[in-house]
Every structure is written in C-alpha cells, then in structure tokens.
Amino acid sequence: MPRPRLLSSVAAATALCLSTGLASAQQPAPPPPPDQATPKPPGQPAPPPPASWGQPMPAAPQPGAPQQQPGAPQQQPAFPQQPGYWQQPTPQPGAAPQPGAAPQPVPQQGYPQQGYPQQGYPQQGYPQQGYPQQGYPQQGFPQGYGQPGGFAPPAGPPPPPAPKPATCCRWSARVDPFDLLFRRLTAQVEVAVVGPLALELTPSWIFDSPTEFLTEKGFSFGGNVAFYLSGKAFQGMWLKAHMAYESYDATLTHPNAPATSDGSVSPFSATKSVSTGVFGAMIGSTSVFGRDGGFVISGGIGIGAATAGTVTLTAPGPSPLDPAAQVTLFDKLDRIKLLGSLGLGVAF
C-alpha cells in the first residue's frame, strides 16, 4: 500500500503550488516610487498627447497609400479634438493588460490647466473719458470760436433805423358839450408851454339859465393852468387850477305874467347885471388818438366858488292877488359851483 500514499502526497503538493501561484498573480504589484515612472506594458501604444488650441488635425489618408494589413488592429477614424478638452485614448483591440501589471491611473477628465485664455476687459478698465478739466470758456462758446483762426459768427442784418420821436402835441382845440347842461357854449384852446405844463383858455357864451323863470345873457372868460402827471403835455392825468370871470344880465319873470307877442320884456319881470369871479380846481385826463396827433378827448370834474355878493331879484305880480316872485343869487350854498369839463376836438 505504499504506492497509493505516494500518489496522494504528490497530488497534495501539486495543489498547494497551484494555489500559491494564483494568489500571487491576483495580488497587485506595489506602486513604484514617486521619482520612478510607471513602466508601460508591452504591446500597448502610448496615449497621444492632448491637443491644444491651434494644433493641426491629423491628415486624412491619401489615395494610393498602403492599405492596412489584414489581421492588424483596426484604427478608429480620427476626429479633431476640441480645444481645451482632454480625450481618453481609445484602447486598441488585442492589447490586453498583462497579468500582474499595475492598473494605470485614469487621468481626470475636465478642463486643462491652460484652458481658454481669460478673455475680458483689461484690468485697468476703460479710460476716464469726460469733459476737459478746464471747462467751457467764460463767453459760452467753444475755444477758438471768434478767436483768430476760429469760426466767427455770420454777420446779421443791419439793425432797423431808430423810429422818429413823436411830435405830438403842441396845441389842441376842443368844444365842451358838457356845458350845454348849464346853458353855455364853451370852447377850449390849450397850448403846451414846457414839459408837463400847459395853458388853457375857456371862453363861454351864456345864452340862458337852468333855473325856471330866470334868464341869463352874457359871457364868461376863463382859463386853466394844467399840470400833466405823465411829464408830457396832452398825455395822461392832469391837475388844473381854474379861474374865470362871468358877466351877464339876470332877468326874473313872474310865473303868472302874460306872454308878450313881440318878444319884449314883460312888465312883470326884474333884471339885474351880475358879475363874479370863480376859482376852483379840477382833476381829469387827456388822450390823443394818434402818434403825431389826431382826435383828442379831455374830461375832468372839480369844484369852485363864486366871489360875488348876494344878488336878489323881485318880480311883481300881474294882479293884487298874485304875490311877487323873488330869487336870490350867490346866497350861502349857491356860491358853490360844480365845475365840469368834457372836451372833444383835435390835437397837433
């Protein structure tokens, strides 16, 4: 029985050797030191270097070039590599890793360190552009404007001739319709003296009286000294000092006296001559419609006082049953006279 034991021992030893060899083949080899490059496995081509921007693409096979031998590993068509990206090399068929060789580290896929150039605005930024520090010239025009060698403004049209000064007015002639209410017809003649001063004459014809059964026949001669507040005669507001002298015959007729057929004075009447001076003041304005003269209107109002004494007129009645009629002139408030003026005429 010694032969069967010998065969068993040989089989056990053979199995132990095989298991030891397989274990050593499966265990990875220790990594090489840092200063030593990793040995390339035989039969495996080196990966191509990563393409960079601007690198030419691999040329296409020209017609007539030797064809690839049958049985050789087929090569994949080359595509242009994108700039900045690293492509993992395609493993060639038939190049299997050697048993026991250390696996190669897979490079990190991503953007290379060089990448795209940093394109952007310069660090210094845009130049500071703006208005010059000296600012605009004081006259409001750009530098050089109107100066020697600059641009001069075009000559404009000549200025229009100066207008002639107004020649109005030296004198004025007017008629006063306001005095017709007092049974008087008055004319006004005014002459400029100097500056705002003017002299005015106001002659009047007294043809009747506004009082019933009283008749006045005579005249009045007056005058005014005018001062124009505008500084020029016949323009604007004025103040006038009024002076006049009146002389007329006043006749009072009895209300019951019979009328005469021939227009003579009734025997039942009384007549007296009256004369008095009148002094007063007026305020008003004058307007001339025309630059060199034309139509003029002048109006004002004022108050005056008579200087004559009291005058009494007594007319007898036509019968003993009719009492006598009596009128008193310049008595108390009758001395106060209303002065009015409304002149219409021309001025030149």
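With A250, A233, A308 as the choices, which residue is without any contact (Cβ under 8 Å) to a residue 40 or more places away in the chain, of a type in the set (G, A, S) and surrounded by 14 or more Cβ atoms within 10 Å (Cβ to Cβ)? If you could, list the steps in order and put the result at the bottom.
Details: A250 fails: without any contact (Cβ under 8 Å) to a residue 40 or more places away in the chain; A233 fails: without any contact (Cβ under 8 Å) to a residue 40 or more places away in the chain.
Within the list A250, A233, A308, the selection yields A308.
Which residue out of L185, L239 is modelled with pLDDT of 95 or more, in contact with a helix residue (DSSP H, G or I) (Cβ under 8 Å, 6 or more places away or on another chain) and part of a strand (DSSP E or B)?
Every option except L185 fails the conditions.
Across the stretch 186-211, which residue is nearest to S298 (Cα to Cα) among those that are surrounded by fewer than 14 Cβ atoms within 10 Å (Cβ to Cβ) and in contact (Cβ under 8 Å) with a residue 40 or more places away in the chain?
The selected residue is V193.
Pairs needed: first member in the stretch 263-281, over 16 Å from T253 (Cβ atoms); second member anywhere, among the small types (G, A, S) and modelled with pLDDT under 95; C-beta distance under 6 Å; at least 6 residues apart or different chains.
T276/A308
Name the residues in the stretch 285-327 that are β-branched (V, I, T) and over 30 Å from A187 (Cβ atoms), would you?
Step one: filter the stretch 285-327 for residues β-branched (V, I, T), giving 286, 288, 296-297, 301, 303, 307, 310-312, 314, 327.
The answer is T310, T312, T314.
Report whether or not I297 is surrounded by fewer than 19 Cβ atoms within 10 Å (Cβ to Cβ) and within 21 Å of F221 (Cα to Cα).
The answer is no for I297.
Looking at (1) buried (at least 17 other Cβ atoms within 10 Å of the Cβ); (2) within 21 Å of R184 (Cα to Cα), which is the only condition F279 fails?
Unmet condition: (1).
Among the residues of the stretch 155-179, write down those that are closer than 30 Å to P210 by Cα and surrounded by 13 or more Cβ atoms within 10 Å (Cβ to Cβ).
Matches in the stretch 155-179: S172, A173, R174, V175, D176, F178, D179.
Determine if the stretch 208-221 includes at least one residue that is over 57 Å from the mean Cα position of the chain (by Cα), modelled with pLDDT of 95 or more and of a type in the set (K, R).
yes
Looking at the structure I just gave you, is S341 closer than 16 Å to T215 by Cβ, touching a residue at least 12 places away in the same chain (Cβ under 8 Å) and assigned to a strand (DSSP E or B)?
The answer is no for S341.
Based on this model, can you work out whether T215 counts as part of a strand (DSSP E or B), among the β-branched types (V, I, T) and closer than 21 Å to G345 by Cβ? Can you show your working first?
Working: part of a strand (DSSP E or B): yes; among the β-branched types (V, I, T): yes; closer than 21 Å to G345 by Cβ: no.
For T215, the condition - part of a strand (DSSP E or B), among the β-branched types (V, I, T) and closer than 21 Å to G345 by Cβ - is not met.
The values are calculated or read from the model by the stated rules, or taken from the named source; none is laboratory data. Since the structure is predicted, the reported quantities are computational estimates derived from the model, not experimental observations. In this analysis, Cβ positions are derived from the backbone assuming ideal geometry, glycine residues included, and neighbour counts consider all displayed protein chains.
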